[in-house]
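Working notes, structure below.
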Amino acid sequence: MNLLQRIAGAVIGVVLFVLALVFASVILAVAGAIALLVGAWLWWRTRNLPRPGPGSGGGTVIEGEYRVEREVRRIDDDAR
C-alpha cells in the first residue's frame with residue numbers, strides 16, 4: 001500500500017468512529033428521554049395512592065396483648 005491509501009484509510013476510520021459516537025449519543029439521549037417520560041408518567045399516576053404508615057406494612061394496626069400458651073399433653077389424655 002502506498003502512503004495515500006494509508007492516509008485515506010485512517011481518515012475514513014476516524015470519520016466512521018466519530019459517526020458511531022454521534023449515533024450512540026443520539027440513541028442514548030432518546031432512551032434517556034423516554035425513560036424520563038415513563039418515570040414522570042408513573043409518578044403522576046401513583047401520586048394519590050395511599051402510603052403505608054411508619055413502621056408498618058401498610059395494614060391496620062390493632063393494639064393489644066397476647067400470651068403464647070403451649071399445649072401440655074398428659075399420659076391419661078392419650079387413653080381417651
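Using a basic spin-label model with each label point 7 Å from the Cα along Cα→Cβ, how many nm lie between Val38 and Ala24?
Label-label distance for Val38 and Ala24, simple model: 2.2 nm.
Which whole-Hz ³J(HN,Hα) couplings does region 35-41 yield from phi under the Karplus relation 6.51 cos²θ - 1.76 cosθ + 1.60, θ = phi - 60°, glycine and proline marked x?
These are the phi-based 3J(HN,Hα) values: 4, 5, 5, 5, x, 5, 5 Hz.
Taken together, the values in this text are just the output of simple stated rules run on the coordinates, not laboratory data. Computed from a predicted model, the values in this text were never measured in an experiment. We place every Cβ from the backbone using ideal geometry, glycine too, and count neighbours over all the protein chains shown.
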